[in-house]
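Enquirer: Once you've had a glance at the structure underneath, I'll fire off some questions.
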Amino acid sequence: MKSLLSLCALLPALTLPAHAHNLTVGQPLPSTSVADKGELILQGNDIVYQPWQTSQLSGKVRVIQAIAGRSSAKELNAPFIETIKSANLPHDQYQTTTIINQDDAIWGTGGFVKSSAEDSKKEFAWSSIVLDATGQVRSRWALKEESSAIIVLDPAGKVVFVKEGELSRSDIEQAMSKIQSLL
């Protein structure tokens, strides 16, 4: 009985918070950088990589989609990304930044994740795409594995919306409302 009471006393310490990330509304993102791979840059028909860091995120309203290198993670928030695309947001004031965690890909699919990212950059040249080969961003922001996080930043680089996992219709409306109010 005594050991059961001791175990019950420990349970609150063992439970996880409602969110695992360390991102706070009203604050800038924890600074980080990606040197292994990095931001995809289109030069003619070729893709080159350059180091990327969070300090590059100020100046525009941004949606950051931080996703595991898995199609299931990409599909989680496809409805939100389609909503963004159909909104025809002004490129001089808004940008989507997709950060793909290649380290969180199904074993043996890292090359596919890389080529898929490169194809996406060619199709959506105005978007910012970052390939994170070592999972630096996921680790620094304490994001869930095998998932997707959507983060909306104001032009100063402060978080105004954040959610891990699939966005509900209400979440999509809330995020879009924040974006529209900042433009």
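Enquirer: Give region 71-104 a look and list any residue that's closer than 18 Å to Glu118 by Cα and not in a helix (DSSP H, G or I), or say none.
Expert: Gln95, Thr96, Thr97, Thr98, Ile99, Ile100, Asn101
Enquirer: Taking Lys121, is it within 17 Å of the chain's Cα centre (by Cα), modelled with pLDDT under 95, of a type outside the set (A, V, I, L, M, F, W, C) and buried (at least 18 other Cβ atoms within 10 Å of the Cβ)?
Expert: Against the criterion (within 17 Å of the chain's Cα centre (by Cα), modelled with pLDDT under 95, of a type outside the set (A, V, I, L, M, F, W, C) and buried (at least 18 other Cβ atoms within 10 Å of the Cβ)), Lys121 qualifies.
Enquirer: Within region 25-45, count every residue that is of a type in the set (S, T, N, Q), more than 15 Å from Arg138 (Cβ to Cβ) and assigned to a strand (DSSP E or B).
Expert: So the count comes out to 1.
Enquirer: Return the residues of region 133-151 that are in contact (Cβ under 8 Å) with a residue 60 or more places away in the chain, of a type in the set (Gly, Ala, Ser) and surrounded by fewer than 17 Cβ atoms within 10 Å (Cβ to Cβ); say none if nothing qualifies.
Expert: Quick first cut of region 133-151, residues in contact (Cβ under 8 Å) with a residue 60 or more places away in the chain only: 133-134, 136-138, 140-151.
Narrowing further to those that are of a type in the set (Gly, Ala, Ser): 133, 142, 147-149.
Correct list: Ala142 only.
Enquirer: Let me ask something else about it. Mind checking which residues of region 88-118 are among the small types (Gly, Ala, Ser) and exposed (fewer than 13 other Cβ atoms within 10 Å of the Cβ)?
Expert: Listed by number, the residues that qualify are Gly108, Gly111, Ser115.
Enquirer: Can you pull out the residues in region 85-120 that are among the β-branched types (Val, Ile, Thr) and in contact with a strand residue (DSSP E or B) (Cβ under 6 Å, 6 or more places away or on another chain)?
Expert: We begin by selecting, within region 85-120, every residue among the β-branched types (Val, Ile, Thr); these are 96-100, 106, 109, 113.
Result: Thr96, Thr97, Thr98, Ile99, Ile100.
Enquirer: Do we find that Glu118 is in contact (Cβ under 8 Å) with a residue 40 or more places away in the chain and more than 24 Å from Leu42 (Cβ to Cβ) in this structure?
Expert: no
Enquirer: What tally of residues in region 110-144 results from selecting those that are among the charged types (D, E, K, R) and over 21 Å from Glu164 (Cα atoms)?
Expert: Qualifying residue count for the region: 6.
Enquirer: Next question, about the same structure. Kindly indicate whether Ala9 is among the small types (Gly, Ala, Ser), exposed (fewer than 10 other Cβ atoms within 10 Å of the Cβ), in a helix (DSSP H, G or I) and at pLDDT below 95.
Expert: Against the criterion (among the small types (Gly, Ala, Ser), exposed (fewer than 10 other Cβ atoms within 10 Å of the Cβ), in a helix (DSSP H, G or I) and at pLDDT below 95), Ala9 qualifies.
Enquirer: Any residue in region 52-59 that is touching a residue at least 40 places away in the same chain (Cβ under 8 Å), in contact with a helix residue (DSSP H, G or I) (Cβ under 8 Å, 6 or more places away or on another chain), part of a strand (DSSP E or B) and buried (at least 20 other Cβ atoms within 10 Å of the Cβ)?
Expert: Checked region 52-59: no residue is touching a residue at least 40 places away in the same chain (Cβ under 8 Å), in contact with a helix residue (DSSP H, G or I) (Cβ under 8 Å, 6 or more places away or on another chain), part of a strand (DSSP E or B) and buried (at least 20 other Cβ atoms within 10 Å of the Cβ).
Enquirer: Sticking with this one: Please state which of the following conditions Ile129 fails to meet, knowing it meets all the rest: (1) in contact (Cβ under 8 Å) with a residue 40 or more places away in the chain; (2) part of a loop (DSSP other than H, G, I, E, B).
Expert: Ile129 satisfies all of (1) in contact (Cβ under 8 Å) with a residue 40 or more places away in the chain; (2) part of a loop (DSSP other than H, G, I, E, B) except (2).
Enquirer: Another question, then. Of all residues in region 164-183 being under 19 Å from Tyr94 (Cβ atoms) and among the charged types (D, E, K, R), which is surrounded by the fewest Cβ atoms within 10 Å (Cβ to Cβ)?
Expert: Glu173
The values are calculated or read from the model by the stated rules, or taken from the named source; none is laboratory data. Please read these numbers as outputs of a predicted model, since none were measured by experiment. Every residue, glycine among them, receives a Cβ derived from its backbone with ideal geometry; neighbour counts consider all protein chains shown.
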